[in-house]
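To start, the structure under review is shown below, and the notes come after it.
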Amino acid sequence: MDTAVISALILVIGITVFLVIGAPISIAVGLSSTAALVVALGLENGVLTSAQQVFRGINSFPLLAIPFFVLAGVIMNNGGIALRLVNAAKVMVGRTPGSLAQTNVAANAMFGAVSGSGVAAAAAIGSTMGPLQAKEGYDRGFSAATNIASAPAGMLIPPSNLMIVYSLVSSASVSALFVAGYIPGILWALACMVIVFLYARKRPELKITDKIPFGQRMKTIAIALPAMFLIVIVIGGILGGVFTPTEASNIAVIYSLVLSAIYKAISVKDLPRILMDAARTTAVVMFLIGVSSIMGFVMSFAQIPAMISDLMFQVSENPAVLLILIAVVLLVVGLFMDPTPAVLIFTPIFLPIVMSFGIHPVHFGIIMVFALSVGTITPPVGPILFVGAKIAGLGIEDVVRRLMPYFVALIVLLVVVIFTPVLSMGLPTLLGLVTP
């Protein structure tokens with residue numbers, strides 16, 4: 001049997017076995033990829049090549065943005081910013097049906113946008129909004145589902161660590177990806193708001209938020225404005241050419257730290273804990289990127305992307321059918337795998353296929369991030385699902401049933417994003433970041 005074929009079998013079987021026995025995805029990928037290289041190149045060359053690939057994978061200046069954006073997110077999560085964004089969201093939503101749940105959605109989108117983390121948004125906003133909604137008679141399962149379903153919107157609205165990882169694998173522009181995520185991310189939040197509106201119409205007993213005097217509304221917005229201004233500084237600076245995404249991540253850390261100090265929400269004694277939390281998260285992500293580089297080398301050696309491409313083209317040569325098929329695969333992958341390793345594993349497989357029939361890498365990046373973000377709220381792995389359920393004090397089974405309308409709305413929206421490229425490509429093209 002050909003060495004490349006044997007390497008491919010070792011890689012696939014190894015990862016499958018490790019995942020079945022419950023090993024972490026990074027261990028499964030790293031050990032299986034190294035074993036495949038040892039068989040292909042011999043013990044010494046296989047181990048040395050694996051080490052070289054790990055170093056090559058993480059030896060990237062743009063990747064420095066990830067630990068700093070992670071640190072900025074942890075600071076924001078501890079820095080009193082969530083409550084101010086909730087108050088601002090309440091003012092923006094106004095007296096709409098289901099206004100408290102609508103506030104939850106808007107606050108998640110804003111907090112996710114400034115922190116870059118859907119999990120942090122679900123934890124920070126959910127712990128604030130859950131008790132308020134319960135007091136006003138909202139079903140606890142519905143409140144938790146609303147919080148969980150809307151939290152991933154911030155993974156599409158920049159800054160987004162997942163887009164930085166996709167940029168590394170695809171060589172797509174980080175700036176273009178950031179701008180491309182705005183409209184799909186806002187549409188994600190709006191889709192959740194529609195579900196809340198339909199729910200509230202059937203529950204007329206739910207209290208609509210009291211009218212807030214104009215002066216109080218302006219004061220609330222003014223208090224939250226410094227937190228929201230972070231988005232303007234980061235994205236505006238990148239688009240204006242003032243600094244790179246990596247430099248923007250450093251500015252985000254400094255800004256969020258100064259802002260949290262002004263709010264008197266964190267002190268010097270909190271910094272070691274904050275730094276440790278950020279270091280843990282960063283270590284996981286960077287290790288995944290490193291071992292995924294070994295796997296990418298093995299896949300290239302074994303010609304796995306070409307084999308999968310040929311197989312998919314045998315199913316259909318219709319671009320629409322192939323895009324739907326890829327989206328279904330990504331949705332299924334999202335059930336069992338976190339978004340970061342999924343991007344690292346499947347981008348080299350699917351990107352050449354979609355580019356062969358004219359799909360822009362930025363557009364496909366948004367499709368991939370959107371589909372995998374749905375996976376963060378689906379069992380059995382969904383991290384946002386578990387965090388949101390824990391914050392609400394409910395079991396997973398109590399929340400999943402309430403999530404069904406959101407799943408339907410988000411999958412329909414995913415199809416719309418797939419077949420309406422202007423939603424992703426319109427802003428980057430308008431700003432001259434990509435050429436159609």
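Considering only residues that are over 21 Å from V369 (Cα atoms) and not in a loop (DSSP other than H, G, I, E, B), which ones fall in region 386-436? Once the filter is applied, which keeps residues that are over 21 Å from V369 (Cα atoms) and not in a loop (DSSP other than H, G, I, E, B), region 386-436 yields A389, K390, I391, A392, I396, E397, D398, V399, V400, R401, R402, L430.
Condition first: closer than 18 Å to V415 by Cβ and either surrounded by fewer than 21 Cβ atoms within 10 Å (Cβ to Cβ) or in contact with a His (Cβ under 6 Å, 6 or more places away or on another chain) (or both). Can you find one or more residues in region 369-383 that meet it? Yes: region 369-383 contains one or more residues that are closer than 18 Å to V415 by Cβ and either surrounded by fewer than 21 Cβ atoms within 10 Å (Cβ to Cβ) or in contact with a His (Cβ under 6 Å, 6 or more places away or on another chain) (or both).
Comparison of A72, A4 shows that the only residue that is hydrophobic (A, V, I, L, M, F, W, C) and either free of Cβ contacts under 8 Å to residues at least 12 places away in the same chain or buried (at least 18 other Cβ atoms within 10 Å of the Cβ) (or both) is A72.
Residue count for region 82-110, restricted to those that are under 17 Å from A145 (Cβ atoms), hydrophobic (A, V, I, L, M, F, W, C) and in contact (Cβ under 8 Å) with a residue 40 or more places away in the chain: 5. Among residues of region 389-415 that are more than 19 Å from M193 (Cβ to Cβ) and free of Cβ contacts under 8 Å to residues at least 24 places away in the same chain, those with a beta-carbon under 6 Å from a residue that is of a type in the set (A, V, I, L, M) and assigned to a helix (DSSP H, G or I) at least six positions away or on a different chain give the pairs I396/A389.
Out of the residues in region 222-240 that are in a helix (DSSP H, G or I) and not hydrophobic (A, V, I, L, M, F, W, C), which is farthest from the chain's Cα centre (by Cα)? Filtering first and then ranking leaves P226. A search for C-beta distances below 8 Å between a residue of region 16-45 that is closer than 11 Å to S292 by Cα and any residue that is of a type in the set (D, E, K, R) and in a loop (DSSP other than H, G, I, E, B), counting only pairs 6+ apart in sequence or on different chains, returns I25/D338.
Applying the condition of being hydrophobic (A, V, I, L, M, F, W, C) and more than 19 Å from the chain's Cα centre (by Cα) to region 241-252 and asking which residue is surrounded by the fewest Cβ atoms within 10 Å (Cβ to Cβ) yields V242.
Bear in mind that the values in this text are calculations on the coordinates, not laboratory data. The model shown is predicted, which means the values in this text are computed figures rather than measured ones. Cβ sites come from the backbone with ideal geometry, for glycine too, and all protein chains shown count toward neighbours.
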